[in-house]
Structures are given as structure tokens and as C-alpha cells.
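Student: The structure's right below; bear with me while I get my questions together.
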Amino acid sequence: EAETAEEREVLRVLRELTDLLRPQLPAIRDVVEMCVAVDDLVARARYAVAVQGEVPEVGLDPPIAIVHGRHPLLLAAQEPVVPFDLALDEEDRTLLISGPNTGGKTVLLKAVGLAAALAQSGIIPPVGVGTRLPLFHRFYADIGDRQSIAASLSTFSAHVRMLRRILDYADGATLVLLDEIGSGTDPAEGSALAAATLVSLTARGSLTLATTHLGTLKDLATHTPGVVNASLQFDAATLTPTYRFLKGVPGRSYGLAIARRLGVAPAILADAEARVPDAERSLDMLLASVEERQR
């Protein structure tokens with residue numbers, strides 16, 4: 001009973017204090033909103049300083065240019081981060097990024113999307129001076145595996161469903177991020193579907209970044225205006241990624257070379273190399289010679 005009486009007395013005192021403050025409610029509400037606004041701005045400013053971000057120029061239309069870009073989550077991990085510089089020309093609409101696994105292609109896709117989304121949210125992204133970001137009305141990303149037993153979706157059908165949604169709504173004010181486009185099915189049919197999708201998005205003016213391991217897609221840029229190849233540099237001697245972004249040059253996948261380094265039997269690798277189609281082998285040799293010239 002004493003504890004109950006104490007609670008009643010506490011509530012009585014609080015009610016009296018509240019009654020005293022109630023006439024000042026508009027002023028108190030304004031003060032709280034002002035404190036929240038100041039706290040919000042301070043947090044954004046502290047984040048910009050923490051990531052060494054610079055205010056980007058935000059334009060209504062492409063092109064896009066990112067200087068000294070970094071992925072926000074990589075910065076939060078306190079590990080050394082290799083920045084990237086990405087710039088597309090006025091007529092470029094689709095960037096097709098190829099290269100080996102673990103080379104940083106997906107991280108690059110996400111970093112570009114996050115930089116644009118942060119800037120449009122009023123948060124200075126981890127980018128450098130000279131960055132220019134278009135104003136996007138829609139963001140679409142097909143990254144990762146959305147297969148579902150419950151929804152009767154295989155890996156490929158999940159990708160196709162997302163592609164259909166993107167193709168239904170994408171326009172000139174849309175950013176599209178497609179990871180491993182055309183994967184999960186027969187390579188010939190997957191390449192054909194991927195090429196048709198990229199050509200359609202390019203024609204609409206959507207800004208599209210796509211990654212791929214499909215060799216036939218690397219040829220798309222040679223005969224499709226608005227599509228440009230790119231890769232992330234890979235050290236062929238040590239078979240380790242450097243995470244350096246290279247525009248205009250497709251990358252090699254290094255699949256067999258990585259398998260050799262991981263200890264796959266030489267006999268199996270020799271058999272695998274003999275089974276690589278002549279066209280793929282010629283393309284790989286061409287890319288190797290380009291890399292050697294660059295070095």
C-alpha cells in the first residue's frame with residue numbers, strides 16, 4: 001500500500017509539473033524540433049569529416065563522375081581502402097564491368113549506388129572534390145541470390161523476375177545496378193538475354209552498371225553506342241586484386257589461373273584448358289596482351 005501511495009504521489013507531482021509546462025507547449029515543441037535539426041546537421045557534418053567526404057555537384061542529368069570514391073562500409077571496417085575514380089562521357093549510359101572473382105566489382109556497384117543515394121538524402125558521401133552525381137528518380141539493384149523454395153523461384157527465375165520489373169519502369173532518370181547479369185542459366189542464352197536487356201536500358205537513357213563473367217558480353221561495347229567496357233585491375237603475377245578501376249578495357253576472369261593457384265590437379269586443369277572454346281581463348285589472349293601493354 002505504501003508503494004502504491006508513493007506511485008500516486010509521484011504521478012500527482014508529475015501532473016502538476018506538466019500543467020505548469022502546458023502553456024509553453026508551442027515553445028517547447030519548437031525547441032525540441034530545433035535540437036533535433038541541429039543534432040541531425042552535426043551528425044551529417046561529423047560523418048563527412050570522418051569519411052573525408054566532399055560535397056558533390058548534383059545535376060539533373062548524366063553524366064556521372066566520382067572522384068576518390070569509397071564504399072561506406074569498408075571505411076567503417078577500419079581497413080585500408082583503395083579509392084576509385086569513375087567518369088562516364090556524355091553519351092555513355094551503360095558500364096559493363098568484367099574481371100575475376102573477389103576483384104571488387106560488386107563493391108564498386110554498391111559504392112556508386114550508395115554515393116548517389118546518400119547525396120540525394122542530404123548526406124555527404126565518401127567522395128572527393130570534382131564528383132558529379134545525377135539526380136535519380138528511381139534506384140534498381142539486382143545483387144545477390146534471391147532464389148526461394150517457398151516462392152518456387154530458382155536463381156535464374158529470381159533474376160529474370162527482377163529484370164522484368166526493371167524493364168517495366170526504368171527510364172532516363174533511373175540508376176540500375178546488375179550484378180552477374182545473365183548468370184544462372186545456359187551461357188549462350190544468358191548472354192543473349194543480358195545483351196538485349198543492356199541494349200534496351202541504354203536506349204532508354206538509364207544509367208546502368210553491370211558486372212559479368214560472360215565473354216560474349218565483353219564484345220557488346222564495340223558495336224553498341226552508349227555501352228562502355230571497364231574492369232578492375234588484377235595482378236597476373238600474384239593473382240591478387242589491386243581494386244584499381246580501369247575504364248575502356250574488359251577484364252579477364254582468371255578462372256583457371258585461380259584454380260591452379262588453389263591446388264587443382266594439373267591434369268584436370270590441362271583438360272579444362274583444352275576444352276575452352278577457341279573464341280574464348282582468343283579473347284583471353286587479346287585481353288592478356290592489352291594488360292601486358294598497359295604494364
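The values are calculated or read from the model by the stated rules, or taken from the named source; none is laboratory data. Fair warning: this is a prediction, and the values are worked out from it, not measured in the lab. With ideal geometry, Cβ positions are generated from the backbone for all residues, glycine too; neighbour counts draw on all protein chains shown. Accessible surface areas use protein heavy atoms only, side chains included; no ligands, DNA or RNA. Shrake-Rupley method; radii C 1.70, N 1.55, O 1.52, S 1.80 Å.
Student: Kirkwood Rh, Cα Rg: Rg to Rh for the chain? Intermediate values should be presented prior to the final figure.
Tutor: On the way: Rg = 25.9 Å, Rh = 22.3 Å.
With Rh from the inverse mean 1/r over Cα pairs, Rg/Rh is 1.16.
Student: In whole percent, and with a 1.4 Å probe on the protein chains, what portion of the accessible area of the chain is carbon and sulfur? Please report the intermediate quantities before stating the final value.
Tutor: Details: 10000 of 16860 Å².
Answer for the chain: carbon and sulfur cover 59 percent of the accessible area.
Student: So, one more: Please list the three semi-axes, largest first and in whole Å, of the ellipsoid equivalent to the stretch 30-179, using sqrt of 5 times the eigenvalues of its alpha carbon gyration tensor. Mind showing how you got there, number by number?
Tutor: Working: eigenvalues 168, 77, 64 Å².
Computed over the stretch 30-179, the values are 29, 20, 18 Å.
Student: Calculate for the chain the 222 nm mean residue ellipticity that helices alone would give, adding -39,500 (n - 2.57) per DSSP H run of length 4 or more and normalising by residue count, nearest 500 deg cm²/dmol.
Tutor: -15000 deg cm²/dmol
Student: Turning to a different aspect of this structure: For Val58, enumerate residues with amide H under 5 Å from its amide H, sequence gap 5+ or separate chain, H modeled in the peptide plane.
Tutor: Result for Val58 returns Leu133.
Student: Further, regarding this structure: Would you kindly find the accessible area of Ser121, with a 1.4 Å probe and non-protein molecules such as ligands, DNA and RNA excluded, rounding to the nearest 10 Å²?
Tutor: Counting only protein heavy atoms, Ser121 exposes about 70 Å² to solvent.
Student: Which value, in debye to the nearest 20, describes the size of the charge dipole of the stretch 7-76 about its Cα centre when Lys and Arg Cβ atoms bear +1, Asp and Glu Cβ atoms bear -1, and nothing else is charged? Can you show the working numbers first?
Tutor: Details: 8 positive and 11 negative charges, 44 e Å.
Dipole of the stretch 7-76, to the nearest 20 debye: 200 debye.
Student: Also: Averaged per residue, what accessible area in Å² does the chain show with a 1.4 Å probe, protein chains only?
Tutor: 57
Student: Something else now. Going by average Cβ neighbours within 10 Å, how do the peptides 5-12, 159-166, 257-264 rank, with the highest at the top?
Tutor: 159-166, 257-264, 5-12
Student: A further question follows. Identify, among Leu269, Ala76, Ile97, the residue whose Cα sits farthest towards the positive end of the charge dipole of the chain, taking +1 on the Cβ of Lys and Arg and -1 on the Cβ of Asp and Glu, with the dipole about the Cα centre.
Tutor: Towards the positive end, the residue furthest out is Leu269.
Student: What would the Debye formula give as log10 I(q)/I(0) at q = 0.24 Å⁻¹ for the alpha-carbon point model of the stretch 207-247, no solvent?
Tutor: -0.92
Student: Counting only DSSP beta bridges with both residues in the chain, tell me the antiparallel percent, nearest 5.
Tutor: On the way: 10 of 32 bridges.
Around 30 percent of the beta bridges assigned by DSSP in the chain are antiparallel ones.
Student: Let me ask something additional. Taking the Cα atoms only, what angle lies between the long axis of helix 155-169 and the longest principal axis of the chain, rounded to 10 degrees?
Tutor: Value to nearest ten degrees: 70.
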